[in-house]
Amino acid sequence: MSHSNVEAFFNSVASKWDDWANDDMDRVRALFSQIGIKPGDKVLDLACGTGVVTELLHEFSLAPVHGLDIAENMIVRAKEKYQDKDYASFEVGDFMSYPGEKYDAIVIYNAYPHFLDPKALSSRLAETLNIAGKFAIVHSLGRKQLSAHHDPLGPKISRDLLPVREEAEFFKEEFEVLKADEGEDFYLIIGAKNANV
Ligand SMILES: C[S@@+](CC[C@H](N)C(=O)[O-])C[C@H]1O[C@@H](n2cnc3c(N)ncnc32)[C@H](O)[C@@H]1O
């Protein structure tokens with residue numbers, strides 16, 4: 001696994017990212033509404049890129065949202081876009097060695113296949129969530145669309161996802177899986193941290 005490949009790739013595409021992003025926010029809102037983010041929840045927009053969904057997460061939490069991304073050029077752009085929004089803050093960092101604060105909810109939007117070791121990700125999510133905290137892996141593309149999208153990037157940048165119920169198994173040591181659902185144009189895993197973790 002090499003995070004430096006992921007970092008280099010996303011640094012190289014950051015200036016074009018917002019021209020490419022054409023997410024249908026109504027569809028994303030409908031997916032996020034299933035997470036159960038409550039007003040006042042402290043939310044981490046993990047692998048936030050340029051902050052495509054940071055504003056939407058704030059719509060649910062009505063509280064500060066923090067964005068973390070390994071690619072500095074993405075974060076530079078996010079900071080520019082949100083410079084007059086008090087609720088948003090952004091930071092460059094690799095989540096797999098992130099020493100940051102704890103959160104009530106961690107949302108990984110359109111970024112999960114770039115975390116190449118899902119079991120290690122599950123441990124990091126558990127460490128970074130408060131008691132009863134939730135994580136959500138959300139894609140506004142289906143698994144087949146995702147593979148087609150990622151194949152040209154090669155195995156050093158992303159991995160193909162398993163059928164969602166099989167993929168959810170990676171999280172079951174630390175989480176109760178509340179939802180593992182997929183369709184032609186979405187992929188969704190939501191987990192709540194086990195009390196004994
Ligand atoms: C496909 S982009 C999605 C960005 C954003 N969520 C969006 O939907 O526009 C994937 C992002 O994951 C970030 N990323 C990958 N691995 C990471 C890690 N270990 N820690 C933090 N960010 C990471 C990349 O730098 C990249 O910006």
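The values are calculated or read from the model by the stated rules, or taken from the named source; none is laboratory data. Note that the coordinates shown come from a computational prediction; the quantities given were computed from them, not determined experimentally. So basically every Cβ, Gly included, is an ideal-geometry build from the backbone, and we count neighbours across all protein chains shown.
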Task: Residues of the range 88-118 satisfying the condition of being more than 9 Å from the ligand (Cβ to nearest atom) and surrounded by fewer than 17 Cβ atoms within 10 Å (Cβ to Cβ) - done: Ser89, Glu91, Pro99, Gly100, Glu101, Lys102, Asp117
Open item on the list: Tally up the residues in the range 29-53 that are in contact (Cβ under 8 Å) with a residue 12 or more places away in the chain and more than 9 Å from the ligand (Cβ to nearest atom), please.
Closed with: 15
Open item on the list: It is to be established whether one or more residues within the range 13-32 are modelled with pLDDT under 95 and among the polar types (S, T, N, Q).
Closed with: yes
